[in-house]
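**Student:** Pasting a structure below so you can have a look.
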Amino acid sequence: MKSKTIYWMSRAIRVEENPALQLAVSLANKYEQELEVHFVIQPDYPYANRRNMHFLLSGVAEVAQKLAVWNIPVIVKTVDPLSYFTNILEYQSIDHLVTEHHVLRYFDQLHKQISKRCKEHQAQFYRINTACVVDVWQVSDKLEFAARTFRPKIMAQYKKYLPNSDQKIKALQQKVNYVFSMKDVDEIMQNHPFKDIPISLMPSGEDAANEQLDWFIEHGLNVYHLRNEYFSIGQSQLSAYLHFGMISIRKVIRKVEETRHFNAAQFVEEAMVRRELAENYCYYQPEYDSLAGAWPWAQETLKRALDDEREYIYSKEEFEFAQTHDDLWNFCQRQVVNLGYLHSYLRMYWAKMVLYWTKSPQEAIDILIYLNDTYFLDGRDPNGYTGIMWSVAGVHDRPWFTKPVTGLVRSMSKSGTMKKTRLSSMDLLGDLHK
């Protein structure tokens, strides 16, 4: 039986500038092995639904079409990944199993289990950084307190990671018996009981991600400094593509910096420094989705504020169906549900206000994680968990002025948000993006 190299694709749904794919191809060529790309749909994975799975699998179908040109098959299975790879290692001759590094708890534990299985069968297991400009452990060896402590560390290193290191891939001497396609995606969507929420109108896949980057550089970068204004076009709208790894963050940063635009530095701050600070948080703080993961000052001030009177208390269902007294918050939530996207400044307000209208900070965190991971295309992501923890518990922030309910955690107001985003009361009457 001929030995194989397997690339377990999960967090980098792309062909271009994908170091995990590059390594898998290199290993297969070096040892004259067959190469297979496997994508595993995990049954009952938390918050899997029609929106995020259709977007994800559409990207996988595009990758499968591209890799077929190089005679590399993409095998898609709906199965528990631990039992699946355990079985493959047991009954096939596997020398190398390559996948992408992930900081979230579920994947970290799963990778450790599969790594153990690989060791038992004398197979090499590789976890490759595909999501960050700089490997999270390379930037810092500890949990960083704030952007001001993290920024100088990553800014001193990132330039050397930006160049495209892709080697040209030649067609492998093997056959592709079947190419995963949109027909297969449609069949999976019909047969799997995913939560039924509207599919996103945002185009999926690597090509769409690259087109969005080109559009942003040509049009959005000029007004990036106005990105907090709702009707500006300064938002990059790359977050979903980055979450699913449909585009390399290294390419994004490199292309934006090559413009030498006066807004490039601001974009790098948001897209690299803040985003990779979130990776640092989830990597070094196992309680990234709990109040226990907040800094001591925030835990203490929120504990003291527990008995503060809440003007309103809403259930998870009332939040989900936008049934609060606040027309701005309801406006935000309708977009979350209908679009799977929300303007970034409004997203802060959307998250901040849930603390005011729940019985405890942990309840606020739990409700926000449910809403974020269910409806946002970029949900189930380190950036999302860190954003929730910033909003509710001041992670990466500093103590502010003491106020009811929020204590020393930074507060936001409806009037301030309306002013910052330049929204009017008339704008909130309907859904602007129907």
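The values are calculated or read from the model by the stated rules, or taken from the named source; none is laboratory data. No experiment lies behind these values; they were computed from the predicted model shown. Here the Cβ positions follow ideal geometry from the backbone for every residue, glycine too, while neighbour counts run over all protein chains shown.
**Student:** Just for segment 296-334: of the residues that are in a helix (DSSP H, G or I) and among the acidic types (D, E), which one is surrounded by the fewest Cβ atoms within 10 Å (Cβ to Cβ)?
**Tutor:** Here the answer is E317.
**Student:** Of all residues in segment 174-183, which are touching a helix residue (DSSP H, G or I) at 6+ places or on another chain (Cβ under 7 Å) and either part of a helix (DSSP H, G or I) or without any contact (Cβ under 8 Å) to a residue 60 or more places away in the chain (or both)?
**Tutor:** Scanning segment 174-183 gives a single hit, M182.
**Student:** Looking at R260, R304, R227 in this structure, which one is over 30 Å from P163 (Cα atoms) and basic (K, R)?
**Tutor:** R304
**Student:** Tell me which residues, restricted to segment 21-40, are of a type in the set (A, V, I, L, M, F, W, C) and out of contact with any helix residue (DSSP H, G or I) (no Cβ under 7 Å at 6 or more places or on another chain).
**Tutor:** L21, L23, A24, V25, L27, A28 - these are the residues of segment 21-40 that are of a type in the set (A, V, I, L, M, F, W, C) and out of contact with any helix residue (DSSP H, G or I) (no Cβ under 7 Å at 6 or more places or on another chain).
**Student:** For residues that are over 21 Å from R151 (Cβ atoms) and either acidic (D, E) or out of contact with any helix residue (DSSP H, G or I) (no Cβ under 9 Å at 6 or more places or on another chain) (or both), scanning just segment 263-295, find the one that is surrounded by the most Cβ atoms within 10 Å (Cβ to Cβ).
**Tutor:** The selected residue is D289.
**Student:** Report, by residue number, each residue of segment 35-46 that is touching a Ser or Thr at 6+ places or on another chain (Cβ under 9 Å) and surrounded by fewer than 19 Cβ atoms within 10 Å (Cβ to Cβ).
**Tutor:** I41, Q42, P43
**Student:** Within segment 385-434, which residues are surrounded by fewer than 16 Cβ atoms within 10 Å (Cβ to Cβ), at pLDDT 95 or above and not in a loop (DSSP other than H, G, I, E, B)?
**Tutor:** Scanning segment 385-434 gives K403, K414, S415, G416, K419.
**Student:** Tell me which residues, restricted to segment 77-117, are more than 27 Å from Q285 (Cα to Cα) and assigned to a helix (DSSP H, G or I).
**Tutor:** Passing the criteria: S83, Y84, F85, T86, N87, I88, L89, E90, Y91.
**Student:** Could you tell me whether any residue of segment 154-172 is in contact with a strand residue (DSSP E or B) (Cβ under 9 Å, 6 or more places away or on another chain) and either surrounded by fewer than 15 Cβ atoms within 10 Å (Cβ to Cβ) or not hydroxyl-bearing (S, T, Y) (or both)?
**Tutor:** Checked against the condition, which is being in contact with a strand residue (DSSP E or B) (Cβ under 9 Å, 6 or more places away or on another chain) and either surrounded by fewer than 15 Cβ atoms within 10 Å (Cβ to Cβ) or not hydroxyl-bearing (S, T, Y) (or both), segment 154-172 yields at least one hit.
**Student:** Follow-up question, since we're still on this one. Please state which one of R50, R14 is buried (at least 20 other Cβ atoms within 10 Å of the Cβ), assigned by TED's automatic domain parsing to the domain that holds T86, among the charged types (D, E, K, R) and modelled with pLDDT of 95 or more.
**Tutor:** The unique qualifying residue is R14.
A quick yes/no check of all residues on (1) touching a strand residue (DSSP E or B) at 6+ places or on another chain (Cβ under 6 Å); (2) outside the structural domain of L56 (by TED's automatic domain parsing); (3) in a loop (DSSP other than H, G, I, E, B); (4) crowded, with 18+ Cβ neighbours inside 10 Å:
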position	(1), (2), (3), (4)
Y224	no, yes, no, yes
I233	no, yes, yes, no
M246	no, yes, yes, yes
V252	no, yes, no, yes
E257	no, yes, no, no
H261	no, yes, yes, no
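**Student:** Can you report the number of residues in segment 73-117 which are farther than 27 Å from Q174 by Cβ, without any contact (Cβ under 8 Å) to a residue 60 or more places away in the chain and among the basic types (K, R)?
**Tutor:** Summing the residues that are farther than 27 Å from Q174 by Cβ, without any contact (Cβ under 8 Å) to a residue 60 or more places away in the chain and among the basic types (K, R) in segment 73-117 gives 2.
**Student:** For segment 348-371, indicate whether the set of residues that are surrounded by fewer than 24 Cβ atoms within 10 Å (Cβ to Cβ), of a type in the set (D, E, K, R), under 21 Å from Y230 (Cβ atoms) and in contact (Cβ under 8 Å) with a residue 12 or more places away in the chain is non-empty.
**Tutor:** yes
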